[in-house]
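J.: Sharing a structure, written as structure tokens. Questions coming.
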Amino acid sequence: KQGGMSNPDELMRQLRNLSIQCGARSPESGRYPPVPTKPEHTKWEQPVNGVRVLFPYERPLPTQINLMSRMISALKAGSHALLESPTGTGKTLALLCAGLAWHRFERQNDRTPPVTVSYTHLTLPTKRIV
């Protein structure tokens, strides 16, 4: 018994409902739940490489649009992408928006979105050439 839950059937029912709420396929229909059309926080909405991207600010920076475009291109091709951009250019937000856009795109087409995003901040040593 953990957290006041002693009935295993009730626990499994709650876990199944939680997984469906988080975007898993419904065990009954085998389909994904409906995708929200436009969350209230969206201020910019444009297709990037044929995938509708929602962005929480009036307009992404050109660098952010480039990052989103390259990430979506890699996802479409089923390939890896190594993306870099200077500090303060909005990498995290751009990659999150592109990854979520791809996930919505795949769900709307009733496909399982195999997205894994790994984010690493790495400062490479530089060698000064004289």
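The values are calculated or read from the model by the stated rules, or taken from the named source; none is laboratory data. Values in this document were obtained by computation on a predicted structure and should not be read as measured data. Heads up, the Cβs are rebuilt from the backbone with ideal geometry, glycines too, and the neighbour counts pull from every protein chain shown. Heavy atoms of the whole protein, side chains included, go into the accessibility calculation; ligands, DNA and RNA do not. Shrake-Rupley method; radii C 1.70, N 1.55, O 1.52, S 1.80 Å.
J.: What distance in nm lies between label points placed 7 Å from Cα along the C-beta direction at Leu82 and Thr42?
T.: Result for the modelled spin labels: 3.4 nm.
J.: Related question: Round to the nearest 10 and report in Å² the accessible area of Ile65, as given by a 1.4 Å probe over the protein chains' heavy atoms.
T.: Accessible surface of Ile65 is approximately 50 Å².
J.: Right, another one. What does the charge dipole of segment 41-99 about its Cα centre add up to, to the nearest 20 debye, if the Cβ of each Lys and Arg holds +1 and the Cβ of each Asp and Glu holds -1?
T.: 80 debye
J.: Given 0.36 nm per residue, what is the gain on full extension from Glu10 to Ser69 after removing their alpha carbon distance, in nm?
T.: 16.8 nm
J.: So, one more: If you count only protein heavy atoms and use a 1.4 Å probe, how large is the accessible surface of Arg111, to the nearest 10 Å²?
T.: Arg111 has an accessible surface of roughly 100 Å² with all protein chains in place.
J.: Running Debye on segment 40-95 with equal point scatterers at the Cα sites and no solvent, what base-10 log of I(q)/I(0) appears at q = 0.12, 0.17, 0.27, 0.28 Å⁻¹?
T.: Values returned for q = 0.12, 0.17, 0.27, 0.28 Å⁻¹ are -0.27, -0.53, -1.16, -1.20.
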